[in-house]
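Have a look at the structure below, then the notes.
The values are calculated or read from the model by the stated rules, or taken from the named source; none is laboratory data. Given the structure is predicted, the values throughout are model-derived calculations rather than measurements. Remember, those area values only see protein heavy atoms, side chains included, never the ligands or the DNA or RNA. Shrake-Rupley method; radii C 1.70, N 1.55, O 1.52, S 1.80 Å.
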Amino acid sequence: MDITIIQAILIGLWTAFCFSGMLLGLYTNRCIVLSLGVGIILGDIQTALAVGAISELAYMGFGVGAGGTVPPNPIGPGIFGTLMAITTVAAKDKITPEAALALSTPIAVGIQFLQTAIYTVFAGAPETAKKALREGNFKKFKVAANGTIWAFAAVGFALGLIGALSMQTLTNLFALIPPVLLNGLTLAGKMLPAIGFAMILSVMAKKELIPYVILGYVLAVYFGLPMLTPTANGDGLLTSVAANSVVGVPTIGVALIATIFALIDIFRRPATPVAETKAEGDEHDDWI
């Protein structure tokens, strides 16, 4: 698939909006949002959502910074990964959504370094804005206050434009990848969502929730609840649902059952917190 100049510019504008939108409090710099915009522009929403969905599942875990860590940027799979999958959808050796996720991960890491560099350059912007406001220089205040947002928009536009215009070259390079390596990348991409969920559980899971985690695994694997899984037909186009697939995502049945247990837990909680009756000076005080 060839991308026109107009489409490349639109993808650049969409990337600029999503990349800078996170500084405005908008939930735009996410894989599923980025992928949807690319799918609408290129006229292949189905493939775009397949890439965005599996990428979003993976980035729920390693796409969220824990402590001082810097996570990969969703623009990697959201823009570049989606472009890879859509531009090769009609090719003999097409890039699957899973392979696109794996191939775009190094790009996501590189973009995150670029984002950190922007933050570093504009680290003194808040102090400059305060100083300009005290001096009554409102023009300088606006530049300092909004400079980071405009920088993110400019970098986002450049990333989207370059990514769209370079897809033809990348497609030619992808054609040189052996099928066995593409299959390996597809399997690696299928593992990334599991790794993402494992990272979430390592931080959020409590011992009281372990039975529910085991229950979800049993329902998915041994009872074969239907899962929404993108599959490819003979024409290389993505089709709808494959049931009873262990690697399928997302597990709608498991999610509904989890919602039931979550609501039961919420409704069984006491309406008012129970006051502690421990007297002061107890021999088992917390500080001992």
Give me the accessible area per residue for the stretch 1-152, probe 1.4 Å, as a whole number in Å².
46
Using alpha-carbon pairs under 8 Å, 6+ residues apart, how would you state the relative contact order of the stretch 5-192 in percent?
29
Spatially close lysines, pair count over the stretch 5-192: Cα under 22 Å, gap of eight or more or interchain
8
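How much length is gained if the chain between GLU127 and VAL221 is pulled fully straight, taking 0.36 nm per residue apart and subtracting their Cα-Cα distance, in nm to one decimal? Walk me through the intermediate numbers first.
Numbers: separation 94, 0.36 × 94 = 33.84 nm, distance 5.49 nm.
So the chain would gain 28.3 nm between GLU127 and VAL221.
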Subtract the Cα-Cα distance of ILE177 and LYS142 from 0.36 nm times their separation in residues, and report this length gain in nm to one decimal.
7.7 nm
Leaving out ligands, DNA and RNA, what percent of the accessible area of the stretch 88-145 is carbon and sulfur, probe 1.4 Å?
67
Mind listing the phi-derived Karplus ³J(HN,Hα) values for the stretch 150-167, rounded to whole Hz, using 6.51, -1.76 and 1.60 with θ = phi - 60°, and x for any glycine or proline?
5, 5, 5, 5, 5, 5, x, 4, 5, 5, x, 5, 5, x, 5, 6, 8, 5
